[in-house]
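Before any comments, here is the structure.
The values are calculated or read from the model by the stated rules, or taken from the named source; none is laboratory data. Please read all numbers here as calculations on a predicted model, not as lab measurements. Cβ sites come from the backbone with ideal geometry, for glycine too, and all protein chains shown count toward neighbours.
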Ligand code: DOR
Ligand code: ZN
Ligand code: ZN
C-alpha cells in the first residue's frame, strides 16, 4: 500500500510526505515515492498519525459481554483511531491465574478488529506465584487499591508487596493518598509504576515530586477527567447517573491543572478507562464507568484546537509513550520498521458528537453535544484498512508483542 500526501510530524517538524507499506510494516517515508503497489490512497494533505495505543480498556469479555465484547469494543476502537488496546482483568472470571489468562487469550483469538494485549490482575489471595508464570505474556499487573467495579480490591500490605516484588510493571488504580502509597512501593521494589486515571491536581503534584526524585513512575489521565467535571454531573438528573465513574469527576480547577500536567510532561499518557455499562443499567442504578475509546482521539484533537496541548504532544501521549512505557513492540510511531498502524484524520470536520451514532454496546457517549476537533476518516492496522467512512473490515487484530 502507498499513502500519498500525508501531513505528518517527523522529529517535531510538520511535513507532507508519502508512506510506503509492505508486509504490514512501514518501509519508506519520503516525498514522491514512485512504486508499483496494489493499493494507492491519496489523502490530499490530511493529517496521518500513528494508531492510538490505549492501555486502559475494560472490554467486558468474557462474563459481562452484554455490556461490550472483544468484537464490539474493538470496532469502537477502530472507529476512534485506536489500533492497540490493553484489556483490564476485572472480567468474569477475573484474570488472576495463568490458566484463566490462557483461556481468555484462546477465547479472544479472532474476535478483534484491532491489536490487543492483556493486563494480569493482582488478587487479594496473593497470586504472586501465578505472576511468575505469565510475566512475559502480559503488559503489566493491575492492582486495585481503591474500591471499583468488580471485586478486586486488595487491602493487605503483605499481599500488595508480594505482587510488586514479582511483577515487571504495575498498573494501579489508586486515588488520593493511595497514590503516595503506590509510589512508596515503586521505590521500595524498584518497579515501574503506571498510575491510572489521575483525577486531581494534588495527585499530579505527587507524581511530579516522585519523578523529580528519579523514580520510574508514570501517570495517565483520561479524556473525561480533562473535559468533564462535577458541574457536568450536577447539571441534571440524567447526567448525575451517567457521568459516574471511579475516580469520580472533580472540579474545573482540577481539569485545568491536569491539562497543564499533561502538557508539561508530568503526565505521560492518555488512557480512556473505557468501562462500558448499558445506558439502561446506568439510568436504573448507580454504576461506575463510562465508555471512551471511540471519542478519545477526536476529543483530544479538540484540546489541540483549544491550545491545551500541541499536536506533537497529542501523538506522544496517545501513541508513542503508552507503547514505550509498556514495552510494546513496533507500535506508536510513524517510522520505518514500525507496524503500519495509521489514522487518517479530517481536521476540518468539527461536527457534533451524537449518542445515536456510537458503536459500543453501551449505546451512549459522555461527549454528546461536544464538537469534535476532527474526524477519524480511515484507520489502518498493519497495512490493512479496518475502518473507513463508517464501514468496518477484517477482524485482523492479534495479540501484541513486548520487548524483553
Ligand atoms: O469507573 C470505573 N469503572 N472505574 C474502574 O476502575 C473500573 C471500571 C469498570 O470496570 O467498570
Ligand atoms: Zn480504575
Ligand atoms: Zn479502569
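If you go through the stretch 226-235 one residue at a time, do you hit one that is under 29 Å from residue 82 (Cα atoms), within 16 Å of ligand 1 (Cβ to nearest atom) and free of Cβ contacts under 8 Å to residues at least 12 places away in the same chain? Within the stretch 226-235 (the criterion being under 29 Å from residue 82 (Cα atoms), within 16 Å of ligand 1 (Cβ to nearest atom) and free of Cβ contacts under 8 Å to residues at least 12 places away in the same chain), the answer is no, since none of the residues qualifies. The set of residues from the stretch 184-205 being crowded, with 18+ Cβ neighbours inside 10 Å, touching a strand residue (DSSP E or B) at 6+ places or on another chain (Cβ under 9 Å) and at negative phi comprises 185, 186, 191, 192, 193, 194, 195, 196, 198, 199, 203, 204.
Scoring residue 166 on the criteria (1) over 28 Å from residue 249 (Cβ atoms); (2) in contact with a strand residue (DSSP E or B) (Cβ under 6 Å, 6 or more places away or on another chain) leaves a single failure, condition (2).
Against the list (1) crowded, with 21+ Cβ neighbours inside 10 Å; (2) touching a helix residue (DSSP H, G or I) at 6+ places or on another chain (Cβ under 9 Å), the condition residue 26 fails is (2).
Quick one: would you say residue 286 is within 14 Å of ligand 1 (Cβ to nearest atom), assigned to a loop (DSSP other than H, G, I, E, B) and buried (at least 21 other Cβ atoms within 10 Å of the Cβ)? No, not satisfied. For residue 331, the test of being under 18 Å from the mean Cα position of the chain (by Cα) and modelled with pLDDT of 95 or more is passed. Restricting attention to the stretch 139-158, the residues that are surrounded by 17 or more Cβ atoms within 10 Å (Cβ to Cβ), in contact with a helix residue (DSSP H, G or I) (Cβ under 7 Å, 6 or more places away or on another chain) and not in a strand (DSSP E or B) total 2. State whether the residues of the stretch 62-72 include one that is crowded, with 24+ Cβ neighbours inside 10 Å, under 30 Å from residue 151 (Cβ atoms) and more than 16 Å from ligand 1 (Cβ to nearest atom). No, the conditions are met nowhere in the stretch 62-72. Out of all the residues in the stretch 324-334, which are out of contact with any helix residue (DSSP H, G or I) (no Cβ under 6 Å at 6 or more places or on another chain) and crowded, with 23+ Cβ neighbours inside 10 Å? Of everything in the stretch 324-334, those that are out of contact with any helix residue (DSSP H, G or I) (no Cβ under 6 Å at 6 or more places or on another chain) and crowded, with 23+ Cβ neighbours inside 10 Å turn out to be 326, 334. Considering 212, 180, the condition of being more than 14 Å from residue 267 (Cβ to Cβ), surrounded by fewer than 21 Cβ atoms within 10 Å (Cβ to Cβ) and out of contact with any helix residue (DSSP H, G or I) (no Cβ under 9 Å at 6 or more places or on another chain) is satisfied by 212 alone. When the stretch 292-324 is filtered for residues that are closer than 17 Å to residue 273 by Cα and part of a helix (DSSP H, G or I), the ones remaining, listed by number, are 296, 297, 298, 299, 300, 317, 318, 319, 321, 322, 323. Can you tell me which residue within the stretch 99-125, out of those that are surrounded by fewer than 19 Cβ atoms within 10 Å (Cβ to Cβ) and over 21 Å from residue 73 (Cα atoms), is nearest to ligand 1 (Cβ to nearest atom)? Restricting to residues being surrounded by fewer than 19 Cβ atoms within 10 Å (Cβ to Cβ) and over 21 Å from residue 73 (Cα atoms), the top hit is 124.
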